[in-house]
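What follows is calculated from the coordinates using simple rules that are stated; it is not laboratory data. None of the values given here were measured: they were computed from a predicted structure. FYI the Cβ positions are ideal-geometry reconstructions off the backbone, even for glycines, and counts take in every protein chain you see.
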Amino acid sequence: MTQHASPPRDNTDKVPSVGQPPSWRGLLARADVRTLSLLGVLAALVLTGGITKPDEFLDTRNLQLVLTQASVIGVVTVGMTFVITSGGIDLSVGAIVALASVWATTVATQDYGFAGVLFTAVIVGVGCGLVNGLLIAYGGMVPFIATLAMLASARGLALQITDGKTQIVTIPGILDLGERDAYVLGIPPLVMVFAVVTIIGWLILNRTTFGRRTVAVGGNAEAARLAGIDVRRQRLYLYLLSGLCCGIAAFLLIILSGSGQNTNGNLYELDAIAAAIIGGTLLSGGRGTITGSVLGVLIFTTITNIFALNNLQSDVQQIAKGAIIVAAVLVQRRTASVS
Amino acid sequence: MAPEPPLLSMSGITKSFPGVRALDGVDLDVQAGEVHCLLGQNGAGKSTLIKVLAGAHQPDTGTIRWRGDAVTLRSPIAAMRLGIATIYQELDLVEHLSVAENVHLGHEPTAAGFVVRGKAAKASTAALLKRLGHPEIDPGRLVGELSAAQQQIVSMARALSHDVRLIVMDEPSAALDPDEVDNLFRIVGDLTADGVAVVYISHRLEEIRRIGDRVTVLKDGRAVAGGLPAKSTPTRDVVALMTGRNVEYVFPERPVSAPEAAPVLEVQGLARDGEFEPLDLVLRPGEIVGLAGLVGSGRSEILETIYGARKPSAGQVRVDGRALRPGSVRAAVRAGLGLAPEERKAQALLMLESVTRNVSVSSMSRFSRGGWIDRGAELGAARAATRELSLRPDNPAVPIRTLSGGNQQKAVLARWLLRGCRVLLLDEPTRGVDVGARAELYAVIRRLADEGLAVLLVSSEVPEVLGLADRVLVLREGRVVHTAPARELDEHRVLDLVMEGSPTS
């Protein structure tokens, strides 16, 4: 996930490495501690589910459902992780998902078939991201305000398009992707999309100049600027990326629900931010982890599922989520001060 | 006269920060009704001393007596209760509050626990402003709308709103026009006539002569002279006290002959309104040119404008004869400029990252194809660059924050070395670097120049500029007042120039 700084051959160096307390092994170990603790939480949750509802929770269909639900918010969270890593925030993701999903499912759009719906969802997402990015990077607006404005306008536009009605998808090619027949080796197509987005996101963040610039801008924007990085262009790209992820997520949601609604993606912004934060991405920027974010999403989705299976109402779920966020941040602060 | 104890008496004050002994047994006596000037070079300990006096820092050892009684200044509020007010150089006003609200901040007139927005506060503020000679400032206006000079008046009004016996002024004239300085001096005169003591910090000797009664000179955290008569002590003596040093630096040998290659950097008429006047400068490969001047003389502003981080109001910068796009860091970096900024942590380093990533950040395209980073090549190049500068520890995978100041600076240099930069702009390269590590850094800088880099060096430590540079430009208030080969200058002469603008003898 984060800094596997060097391949082993570079560390079997003949030069005596004198006094290097936090060696790369230490770093690796620390990075792993963070991931391992998240995996531990997830394992504990699975165990809880398995004990309280052994038949229902561990049922293949239920696990497929959990992963499918995680996919939509997961794709959004990957984009959000980039934005937060750069020191920004995107409050408009849920609204963009809603707008993209209804724009892509109007009768007019559906006339263009599968490709028309997919294309529209992605373009609407990227378009909203472009507006966010321009306002923030070149208009000098604070990300919180710019994306809050986008949240309000995109939701309003989504309502205007649908007039509050659910838009049913009639294209068989799209609906089929949600059916069991489309599963490959028991894996739903949505989950595969999530996996692909995750892997690409991880590679971009950890292996490319784009990822490095993102981290540099978030860690110290002034230093990045004086080092010759085009900070504004980087910021623009990041909100574009977040918008793109929203567009993809909207398409997944269309497959999942067979419809487009203006209420889609409600509070996704909070779920995505929460998942990124408990995953270990710093809200102040400069450190981001895709692995952590995905684990965060899985943890939240699993909790929701276990609570639902145990007939606990959503109010209890919300309280539990809040407690987890607080606990995660407190734990992080301790590890941060130790390091 | 009866042997009355001094208003304030500090003795044996020491204060250490990690790696630095900022104050090393300082004594300071201040009498009621006098203007006591504090003089010293940057880093001599003036700021630390006044922060101790303001209750913002706790001294490690030493005693503070107030009217003869030993006191502990546990917090700024404790100091304020005694009657000690401090006006800092960076004004600490809240821009979105009104003048009256700022003046009464922290001791708002209250009724039953509620802040009274009211006439009383405005009236008392208006009275204070009148006393300060600025009745035109409306107490109801927002502080953010005022000029710098007016804000300073507000700051002073705030100090006077307490029952103040001692006012510390940290370079109060730095942001003022000459007629505003006159008003400031009149205020200081009124205050002292009322028996208030003023501790006055300034770099400008002529001001100290005008209003000062006594002078205490600080150097390397010690008071090297206390209570000298401000008006009659010869400038020579004051300068000698400020400069005579305990630490001798070792500077590398200069090349025998001056470089004759074609200039790599040409600065023509470069200026920024209100910061520095049109500047001409030519830099050849292999040459180190130093800019000497005090804080506020425009040194850092010049470097940052050459680098494109600030947009010039006139003039241009040429590299190899080609003009750079003004105000573009990227253009400067592409043309081969590199900056090691003054505030290393805030402006240069990615503190959460490894040395490797800090070094490679400006040349990522060299290790990447289609945006894909070859991390083996990156690490190898970072290792080569940091080894070339003998950066310790010899492991670029460690986090940069674990490095000492000197090694962090080397990492910044390595960044530009790796980029293949041809002109290095160094702003206070040894700030926060241990004395012992400085000589090594000097050697590194000289070697880079010998290998063909052109170096423009800014430092407030005059010996550093004189010892390292080939040629020196002396700056005073945004203007070059003297240019000479470093061998032809000495520290006294440079200090005369930066403080008085003309040589005194």
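Return the sequence-ordered ³J(HN,Hα) values of region A:157-173 in whole Hz as given by the Karplus equation 6.51 cos²θ - 1.76 cosθ + 1.60 applied to θ = phi - 60°, using x for Gly and Pro.
5, 4, 5, 4, 5, 8, 6, x, 9, 7, 9, 6, 8, 10, 8, x, x
Cross-link candidates for B:Lys119: which aspartates and glutamates have Cα within less than 15 Å, leaving aside residues fewer than 8 places away along the same chain?
List returned: B:Glu101, B:Glu108, B:Asp138.
What's the magnitude of the charge dipole for chain A around its Cα centre, counting Lys and Arg as +1 and Asp and Glu as -1 at the beta-carbon? Answer in Debye, nearest 20.
Details: 21 positive and 17 negative charges, 247 e Å.
Charge dipole, chain A, about its Cα centre: 1180 debye, nearest 20.
What size of dipole, in debye to the nearest 20, comes out for region B:353-419 about its Cα centre when the only charges are +1 on Lys and Arg C-beta atoms and -1 on Asp and Glu C-beta atoms?
Values: 11 positive and 5 negative charges, 14 e Å.
Using Cβ point charges on Lys, Arg, Asp and Glu, region B:353-419 gives about 60 debye.
Once you list every other residue whose beta carbon is under 15 Å from the beta carbon of A:Asn132, what net charge do they have if Lys and Arg are +1 and Asp and Glu are -1? Can you show the working numbers first?
Details: positive: A:Arg155, A:Arg232, A:Arg233, A:Arg235; negative: A:Asp90, A:Glu269.
Around A:Asn132, the charge tally is +2.
Taking the Cβ of each residue in B:Phe185, B:Phe17 as the centre, tally the other Cβ atoms inside 10 Å and list the residues starting with the fewest.
On the way: B:Phe185 17, B:Phe17 10.
If I rank by nearby Cβ atoms, fewest first, I get B:Phe17, B:Phe185.
Treating the beta-carbon of each Lys and Arg as +1 and of each Asp and Glu as -1, no other charges, what is the dipole magnitude of region B:350-482 about its Cα centre, to the nearest 20 debye? Don't jump to the answer; show the numbers that get you there.
Numbers: 19 positive and 15 negative charges, 72 e Å.
The calculated dipole for region B:350-482 is roughly 340 debye.
Projected onto the charge dipole of chain A (+1 at Lys/Arg Cβ, -1 at Asp/Glu Cβ, origin at the Cα centre), which of A:Val66, A:Leu135, A:Ala272 gives the Cα projection farthest towards the positive end?
A:Leu135
For region B:244-362, what is the convex hull volume of its Cα atoms per residue in Å³?
Details: hull volume 20.0 nm³, N = 119.
So the per-residue hull volume is 168 Å³.
Just from its helices, what would the mean residue ellipticity at 222 nm be for the protein assembly as shown, if runs of 4 or more DSSP H residues each count -39500 (n - 2.57) and the sum is divided by every residue, rounded to the nearest 500 deg cm²/dmol? Provide the component values of the computation, followed by the final result.
Working: 32 runs with 407 residues, N = 844.
Here the helix-only value at 222 nm equals -15000 deg cm²/dmol.
Name the residue farthest towards the positive end of the dipole of the protein assembly as shown from the options A:Val331, A:Ser242, A:Ile254, assuming +1 on Cβ of Lys and Arg, -1 on Cβ of Asp and Glu, about the Cα centre.
Value computed over the given set: A:Ile254.
Over what distance in Å are the Cα centres of region A:165-200 and region A:242-266 separated?
12 Å
So if we plug the beta-carbon distance of B:Arg369 and A:Ala149 into 1/(1 + (r/R0)^6) with R0 = 45 Å, what FRET efficiency do we get, rounded to 0.05? Could you put the intermediate results ahead of the total?
Values: r = 39 Å, r/R0 = 0.87.
Calculated value: 0.70.
Please report B:His162, B:His104 as a ranked list, fewest other C-beta atoms within 10 angstrom at the top and most at the bottom.
Working: B:His162 16, B:His104 23.
Lowest count first: B:His162, B:His104.
I'd like the mean, over residues of A:119-127, of how many other protein chain beta carbons sit within 10 Å of each residue's own Cβ.
Values: counts 0, 0, 0, 0, 0, 0, 0, 0, 0.
Per residue, the average neighbour count from other chains is 0.
In peptide B:366-374, what is the residue-averaged number of other protein chain Cβ atoms found within 10 Å of each Cβ?
3
Which residue, chosen from B:Ser297, B:Ser202, B:Leu424, occupies the Cα position most advanced towards the positive end of the dipole of the protein assembly as shown, where the dipole is computed from +1 (Lys, Arg) and -1 (Asp, Glu) charges on Cβ about the Cα centre?
B:Leu424
Taking 22 Å as the cut-off for C-alpha to C-alpha distance, list the pairs among B:Lys46/B:Lys410; B:Lys51/B:Lys231; B:Lys15/B:Lys51; B:Lys345/B:Lys410; A:Lys165/A:Lys321; B:Lys51/B:Lys122 that go past it. Spell out each step's value before the answer.
Details: B:Lys46/B:Lys410 29 Å; B:Lys51/B:Lys231 27 Å; B:Lys15/B:Lys51 11 Å; B:Lys345/B:Lys410 13 Å; A:Lys165/A:Lys321 31 Å; B:Lys51/B:Lys122 30 Å.
Too far apart for the 22 Å limit: B:Lys46/B:Lys410; B:Lys51/B:Lys231; A:Lys165/A:Lys321; B:Lys51/B:Lys122.
To the nearest 10 degrees, how steeply does helix A:113-133 sit against the main Cα axis of chain A, on a 0 to 90 scale?
Compared with the principal axis, the helix lies near 50 degrees.
Roughly how many whole Å is it from the C-alpha centroid of region B:24-52 to that of region B:62-106?
What the calculation gives is 16 Å, centre to centre.
Using only atoms on other chains, find how many Cβ atoms lie within 10 Å of each Cβ of peptide B:344-357 and report the average.
Values: counts 1, 2, 3, 6, 5, 4, 11, 4, 14, 9, 6, 1, 3, 6.
The mean count of partner-chain Cβ atoms within 10 Å per residue comes to 5.
Mind ordering B:299-307, B:322-330 by average Cβ neighbours within 10 Å, highest first?
Numbers: B:299-307: 23.9, B:322-330: 15.6.
Top of the packing list down: B:299-307, B:322-330.
Please determine, in degrees from 0 to 90 and to the nearest 10, the orientation of helix B:178-193 with respect to the longest principal axis defined by the Cα atoms of chain B, where the helix direction is its Cα long axis.
In chain B, helix B:178-193 runs at an angle near 40 degrees to the longest axis.
Mind checking the angle between helix A:209-219 and chain A's longest principal axis? C-alpha axes, 0 to 90 degrees, to the nearest 10.
The two axes meet at around 80 degrees.
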